[in-house]
Amino acid sequence: WDNADFSRGIGTTFYQEFPTLNMAKPPFVRDVEAKVRRYMRSSYSAAWTLKITWEKAPAYAASTDARRTNTYQAILTTDGFRSYVLMLYQEGGMQWDYTRLAATNVIIGYT
């Protein structure tokens, strides 16, 4: 979630929380559960989920090139015991010109 620069008023960040303990689960949470079950081969049932979206985020420093933007999401979810993060990127992947970034060791995702 590093190197996005909103200082020029381009792009936005927003979030939505899904507390689902003892509540009906919306389709979005059921989809997250299905992804976790599929990728982790577990019987996962979410108690809480948070979706964070960075929309049309320019790379740092936006003053050098605010035309190439990225839209991506982080989905944080837990059952109270195990926690997972799903990193989702717009189709086409990284749109930033990584050769113009301050750091040259750019990755999509996390380590």
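The values are calculated or read from the model by the stated rules, or taken from the named source; none is laboratory data. These numbers come from a predicted model, not from an experiment. Cβ sites come from the backbone with ideal geometry, for glycine too, and all protein chains shown count toward neighbours. We work out accessible area using only protein heavy atoms, side chains counted, and drop any ligands, DNA or RNA first. Shrake-Rupley method; radii C 1.70, N 1.55, O 1.52, S 1.80 Å.
For the subset of the range 22-43 comprising residues that are more than 23 Å from THR71 (Cα to Cα) and touching a residue at least 40 places away in the same chain (Cβ under 8 Å), which member is nearest to the chain's Cα centre (by Cα)? Only one residue tops the list, namely MET40. Residue count for the range 61-82 under the criterion of being at pLDDT below 95 and in contact with a Leu (Cβ under 7 Å, 6 or more places away or on another chain): the result is 2.
Selection of the range 38-56 for residues being surrounded by 14 or more Cβ atoms within 10 Å (Cβ to Cβ) and closer than 16 Å to LEU76 by Cβ yields TYR44, SER45, ALA46, ALA47, TRP48, THR49, LEU50, LYS51, ILE52, THR53, TRP54. Checking the range 27-37 against the condition returns no match, with no residue being open to solvent by less than 30 Å² (accessible area, probe 1.4 Å) and in a strand (DSSP E or B). The set of residues in the range 74-95 that are under 18 Å from LYS51 (Cβ atoms) and surrounded by 14 or more Cβ atoms within 10 Å (Cβ to Cβ) comprises ALA74, ILE75, LEU76, THR77, THR78, ASP79, TYR84, LEU86, TYR89, GLN90. Determine which single condition PHE14 fails, assuming it passes every other condition in (1) open to solvent by less than 30 Å² (accessible area, probe 1.4 Å); (2) hydrophobic (A, V, I, L, M, F, W, C); (3) touching a residue at least 40 places away in the same chain (Cβ under 8 Å); (4) not in a loop (DSSP other than H, G, I, E, B). It is condition (1) that PHE14 fails.
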